[in-house]
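Q: Quick one: this structure, given as structure tokens, is what I'll be asking you about.
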């Protein structure tokens, strides 16, 4: 076997050692890590920039819309108020108590044996309208009290069809001192005062206490 | 490969290097990436939070526009009511109006006076006036017809009370007194 001598072995070894220098390798590795970190940070910075731009755009939109929305809210409130007022006015007009039908019914109910001397009435309440009528008069006939009683019951019956919780009671019923000529005959009389209460409106009123007379 | 023999100084350098490395890593995450990440989260949250508010604002504007369109219909009554109320003080026009109305109904004499004013919180911009209308001589049937016409033609008037008395002197004639509530502008 031939003897081979490598006279440069020391130089080669030194070169190899230099190539595998841990400090150098560490510096490379660290530099790579540093580059990665820097890259990642830059990427995040770009992301952040985009997000900030988005936020600025969204905030710009919001700042532009907010005063408009506030004005719209004010306008909506005003319109709602006006709408409510309109509804309220309509309700007021529609929930009025109409006296003409009451007068028409009374005209039909009063028989020829009865003369109404005074009639009064008033309406109270907002949603439930309570109407109180007082009818004073003179009844004549063979049994004038019966005539007055018939009028009272007919008022209650007739008004019950149209109105709620109708009560018709005598406030006063007395024999009259005068006689009247009716159909060529002298008839005795009775004076009476009928109190009528009736309700109209949407809500159900409390049931009135019925008085017996 | 031959084992590397480290001297004391080299070991110190190595330890110092490792410490420096960890210090840098810590600084990187804690001083650079951490705050940046927190800031990003905050910005994302702000964007997300503004989203519903923008939607709500847009909906609000759309609702107001829609209401404005519908206002023509919803405020029809108010416009009609306003058109029915004459300009000027009610004391100036109401008694004349009533006299003319009853004259048209065949009742020559009607005396109207203001009895007062009723508060009405439900009708802002309007007030309710109470009037007394005295009809000294009326027949019942024309009176009932006049009441009917009044209730039909004047939706802003409401008869709150009435009193009809038979006259002793004239059997055919009655004395009527109406209490009217009237809605007028403030």
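The values are calculated or read from the model by the stated rules, or taken from the named source; none is laboratory data. Bear in mind the structure is a predicted one, so any value in this text is a computation, not a measurement. Glycine also receives a Cβ, built like all others from the backbone with ideal geometry; neighbour counts cover every protein chain displayed.
Yes/no matrix, rows are residues, columns are (1) surrounded by 15 or more Cβ atoms within 10 Å (Cβ to Cβ); (2) farther than 29 Å from residue A:69 by Cβ:
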{"position": "B:88", "(1), (2)": "no, yes"}
{"position": "B:108", "(1), (2)": "no, yes"}
{"position": "B:122", "(1), (2)": "no, yes"}
{"position": "B:125", "(1), (2)": "no, no"}
{"position": "B:129", "(1), (2)": "yes, yes"}
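Q: Filter the stretch B:154-172 for residues that are part of a strand (DSSP E or B) and under 41 Å from the mean Cα position of the chain (by Cα); which is farthest from residue A:121 (Cα to Cα)? Before the answer, list the steps.
A: As a first pass, look at the stretch B:154-172 and keep what is part of a strand (DSSP E or B): B:157-166.
Narrowing further to those that are under 41 Å from the mean Cα position of the chain (by Cα): B:157-163.
Working: B:157: 16, B:158: 13, B:159: 10, B:160: 8, B:161: 5, B:162: 5, B:163: 6 Å.
So, considering only residues that are part of a strand (DSSP E or B) and under 41 Å from the mean Cα position of the chain (by Cα), the one farthest from residue A:121 (Cα to Cα) is B:157.
Q: Here is a follow-up. Of the conditions (1) more than 7 Å from chain B (Cβ to nearest Cβ); (2) surrounded by 15 or more Cβ atoms within 10 Å (Cβ to Cβ); (3) at pLDDT below 90, residue A:94 satisfies every one except a single condition; which number is it?
A: Here residue A:94 meets the rest and fails (2).
Results for (1) over 25 Å from the mean Cα position of the chain (by Cα); (2) modelled with pLDDT under 90; (3) farther than 30 Å from residue A:69 by Cα; (4) surrounded by fewer than 12 Cβ atoms within 10 Å (Cβ to Cβ), shown as yes or no for each residue.
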{"residue": "B:39", "(1), (2), (3), (4)": "yes, no, no, no"}
{"residue": "B:43", "(1), (2), (3), (4)": "yes, no, no, no"}
{"residue": "B:78", "(1), (2), (3), (4)": "no, yes, no, no"}
{"residue": "B:92", "(1), (2), (3), (4)": "yes, no, yes, yes"}
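Residues are listed down the side, and each one gets a yes or a no for (1) within 27 Å of residue A:72 (Cβ to Cβ); (2) away from chain A (no Cβ under 14 Å):
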| site | (1), (2) |
| --- | --- |
| B:64 | yes, no |
| B:76 | yes, no |
| B:92 | no, yes |
| B:102 | no, yes |
| B:142 | no, no |
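Q: With the checklist (1) within 11 Å of chain A (Cβ to nearest Cβ); (2) closer than 23 Å to residue B:119 by Cα; (3) modelled with pLDDT under 90 in hand, flag the one item residue B:168 doesn't pass.
A: Result: residue B:168 fails condition (2) only.
Q: Which condition number in (1) closer than 21 Å to residue B:82 by Cβ; (2) touching a strand residue (DSSP E or B) at 6+ places or on another chain (Cβ under 7 Å); (3) free of Cβ contacts under 8 Å to residues at least 40 places away in the same chain is the one that residue B:173 fails?
A: Here residue B:173 meets the rest and fails (1).
Q: Every residue in the stretch A:103-147 that is facing chain B (nearest Cβ under 9 Å) and under 30 Å from residue B:126 (Cβ atoms), please.
A: Selection gives A:103, A:120, A:121, A:122, A:123, A:124, A:126.
Q: Within the stretch A:84-100, does at least one residue satisfy the condition of being farther than 23 Å from residue B:167 by Cα and in a strand (DSSP E or B)? Let's see the steps before the verdict.
A: Of the residues in the stretch A:84-100, the ones farther than 23 Å from residue B:167 by Cα are A:84-98.
Restricting the remaining residues to those that are in a strand (DSSP E or B) gives none.
Looking for residues that are farther than 23 Å from residue B:167 by Cα and in a strand (DSSP E or B), one finds none in the stretch A:84-100, hence no.
Q: Take residue A:76 and decide whether it is at the interface with chain B (Cβ under 7 Å from one of its Cβ atoms), at pLDDT 90 or above and under 19 Å from the mean Cα position of the chain (by Cα).
A: Details: at the interface with chain B (Cβ under 7 Å from one of its Cβ atoms): yes; at pLDDT 90 or above: yes; under 19 Å from the mean Cα position of the chain (by Cα): yes.
Yes.
Q: Of all residues in the stretch A:118-132 being surrounded by 17 or more Cβ atoms within 10 Å (Cβ to Cβ) and farther than 10 Å from residue A:200 by Cβ, which is nearest to the chain's Cα centre (by Cα)?
A: Filtering the stretch A:118-132 for residues surrounded by 17 or more Cβ atoms within 10 Å (Cβ to Cβ) gives A:119, A:121, A:123, A:128-131.
When the remaining residues are screened for being farther than 10 Å from residue A:200 by Cβ, the result is A:119, A:121.
Details: A:119: 40, A:121: 33 Å.
Of everything passing the filter in the stretch A:118-132, A:121 is nearest to the chain's Cα centre (by Cα).
Q: Taking into account only those residues within the stretch A:15-24 that are surrounded by 10 or more Cβ atoms within 10 Å (Cβ to Cβ) and within 12 Å of another protein chain (Cβ to nearest Cβ), which is nearest to residue B:21 (Cα to Cα)? Give the steps one after another, and end with the answer.
A: Within the stretch A:15-24, the first condition is being surrounded by 10 or more Cβ atoms within 10 Å (Cβ to Cβ), and the residues that meet it are A:15-17, A:20-24.
Next, only the ones that are within 12 Å of another protein chain (Cβ to nearest Cβ) stay: A:16-17, A:20-23.
Details: A:16: 27, A:17: 24, A:20: 21, A:21: 19, A:22: 15, A:23: 13 Å.
That would be A:23.
Q: Looking at B:87, B:10, B:53, B:68, which is the one that is more than 10 Å from chain A (Cβ to nearest Cβ) and out of contact with any strand residue (DSSP E or B) (no Cβ under 6 Å at 6 or more places or on another chain)?
A: On the way: B:10 fails: more than 10 Å from chain A (Cβ to nearest Cβ); B:53 fails: more than 10 Å from chain A (Cβ to nearest Cβ); B:68 fails: more than 10 Å from chain A (Cβ to nearest Cβ).
Step by step, each of B:87, B:10, B:53, B:68 is checked, and only B:87 is more than 10 Å from chain A (Cβ to nearest Cβ) and out of contact with any strand residue (DSSP E or B) (no Cβ under 6 Å at 6 or more places or on another chain).
Q: Has the stretch B:115-131 got any residue that is without any contact (Cβ under 8 Å) to a residue 40 or more places away in the chain, part of a strand (DSSP E or B) and more than 9 Å from chain A (Cβ to nearest Cβ)?
A: Yes: one or more hits.
Q: Looking at B:145, B:151, can you tell me which residue is under 24 Å from residue A:124 (Cα atoms), modelled with pLDDT of 90 or more, touching a strand residue (DSSP E or B) at 6+ places or on another chain (Cβ under 9 Å) and surrounded by 14 or more Cβ atoms within 10 Å (Cβ to Cβ)? Write out each step before concluding.
A: Details: B:145 fails: touching a strand residue (DSSP E or B) at 6+ places or on another chain (Cβ under 9 Å).
Selected residue: B:151, the only one of B:145, B:151 that is under 24 Å from residue A:124 (Cα atoms), modelled with pLDDT of 90 or more, touching a strand residue (DSSP E or B) at 6+ places or on another chain (Cβ under 9 Å) and surrounded by 14 or more Cβ atoms within 10 Å (Cβ to Cβ).
Q: On to the next question. Conditions first: (1) at pLDDT 90 or above; (2) outside the structural domain of residue A:184 (by TED's automatic domain parsing); (3) surrounded by fewer than 19 Cβ atoms within 10 Å (Cβ to Cβ). Residue A:88 passes all but one, so which condition is the exception?
A: Evaluating residue A:88 over (1) at pLDDT 90 or above; (2) outside the structural domain of residue A:184 (by TED's automatic domain parsing); (3) surrounded by fewer than 19 Cβ atoms within 10 Å (Cβ to Cβ) leaves (1) as the failure.
Q: Next question. Please find, among A:2, A:32, the residue that is exposed (fewer than 11 other Cβ atoms within 10 Å of the Cβ), more than 9 Å from every other protein chain (Cβ to nearest Cβ) and under 30 Å from residue B:11 (Cα atoms). Lay out the reasoning, then the answer.
A: Working: A:2 fails: under 30 Å from residue B:11 (Cα atoms).
Exactly one residue qualifies, and that residue is A:32.
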